[in-house]
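In what follows, a single structure is set out as structure tokens and then discussed.
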Amino acid sequence: MTEHIIDINCDLGEGIGNDPLIMPFISSCSIACGGHFGNEDTIRTAIQLAKKYKVKVGAHPSFLDQENFGRKILKLKNNELSEDIFQQILFFQSICETEDIKINHIKLHGALYNLAAKDVPTADAVLEGIIQTNIQSELYVPYNSVLAKKAEKYFPLVYEAFIDRGYNNDLSLVPRNQRRALITSPEIAWQQFYNMVTKSELTTISNKKRTINASTFCIHGDNLSSVKILHYIHSKMEIQSISLV
């Protein structure tokens with residue numbers, strides 16, 4: 001049986017309260033850095049927990065919109081968005097430096113993640129903000145997205161897929177206000193994860209099979225079933241020769 005060595009990442013430091021239950025089951029985390037959630041205390045706490053479990057840390061910038069948890073598109077000028085991203089990452093970096101930990105990656109959050117995946121001006125503005133920080137890190141991006149194509153000459157890319165989200169036929173994520181957007185069943189999440197890891201494919205909500213390439217697989221910390229899903233996945237991984245990096 002072919003061995004698959006992969007990364008499982010989770011969006012943490014978001015005030016949900018389950019970070020200590022999730023951290024032992026992942027290999028990288030993306031920590032909210034003030035856009036949709038987060039302050040110095042929440043960031044530092046998440047970083048210290050990641051250090052305890054030897055989990056790589058990344059910045060998780062967003063639209064500057066804590067009221068909507070970064071899940072609403074804000075209409076900003078490009079330079080305004082670039083500046084927001086720049087400031088969030090620098091803030092995160094300053095705390096990482098005091099904790100003597102390196103930023104492994106940068107991953108966008110929520111509405112900004114989805115918009116930058118398909119909108120050229122948004123992708124350009126995001127990249128400008130990241131480049132200005134002079135941080136050399138990986139960038140977690142959806143495969144074949146606008147952001148991936150724009151960023152490939154600037155950053156090492158890590159393609160990401162989602163364990164607990166439904167997909168449309170074009171590999172965009174099902175909007176959260178629609179049915180089947182979030183996967184809460186451990187069995188269904190495992191099947192999607194297994195197919196993506198071992199076959200590079202998934203089944204969309206329209207029951208179509210699509211090719212998807214990824215080496216990091218995300219589960220959301222604010223999914224109330226995330227802990228159950230992670231326990232279930234780990235109970236299956238060793239049997240199927242899947243291990244964390």
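Listed by position, the strands (runs of 3 or more DSSP E) contained in the range 110-208 that have at least 1 residues being of a type in the set (A, V, I, L, M) and under 15 Å from the mean Cα position of the chain (by Cα) are 138-142, 157-162. Taking (1) touching a residue at least 40 places away in the same chain (Cβ under 8 Å); (2) surrounded by fewer than 17 Cβ atoms within 10 Å (Cβ to Cβ); (3) of a type in the set (A, V, I, L, M) in turn, Ile89 satisfies each apart from (2). Reported count of residues in the range 2-19, each being touching a strand residue (DSSP E or B) at 6+ places or on another chain (Cβ under 9 Å) and modelled with pLDDT under 95, is 1.
Can you pull out the residues in the range 61-81 that are within 18 Å of Asp222 (Cα to Cα) and surrounded by fewer than 24 Cβ atoms within 10 Å (Cβ to Cβ)? Once the filter is applied, which keeps residues that are within 18 Å of Asp222 (Cα to Cα) and surrounded by fewer than 24 Cβ atoms within 10 Å (Cβ to Cβ), the range 61-81 yields Asp65, Gln66, Glu67, Asn68, Phe69, Arg71, Lys72.
Candidates are the residues of the range 1-60 that are of a type in the set (Ser, Thr, Tyr) and without any contact (Cβ under 8 Å) to a residue 60 or more places away in the chain; the one that is surrounded by the most Cβ atoms within 10 Å (Cβ to Cβ) is Thr42. When Ser215, Ser185, Ser206, Ser145 are screened for being farther than 25 Å from His4 by Cβ and at pLDDT 95 or above, only Ser206 passes. A count restricted to the range 168-184 and to residues that are touching a residue at least 40 places away in the same chain (Cβ under 8 Å), under 19 Å from Ile73 (Cα atoms) and not charged (D, E, K, R) stands at 2.
The values are calculated or read from the model by the stated rules, or taken from the named source; none is laboratory data. Everything numeric in this text was worked out from a predicted model, so none of it was measured. Cβ coordinates were reconstructed from backbone atoms using ideal geometry, including for glycine residues, and neighbour counts include every protein chain displayed.
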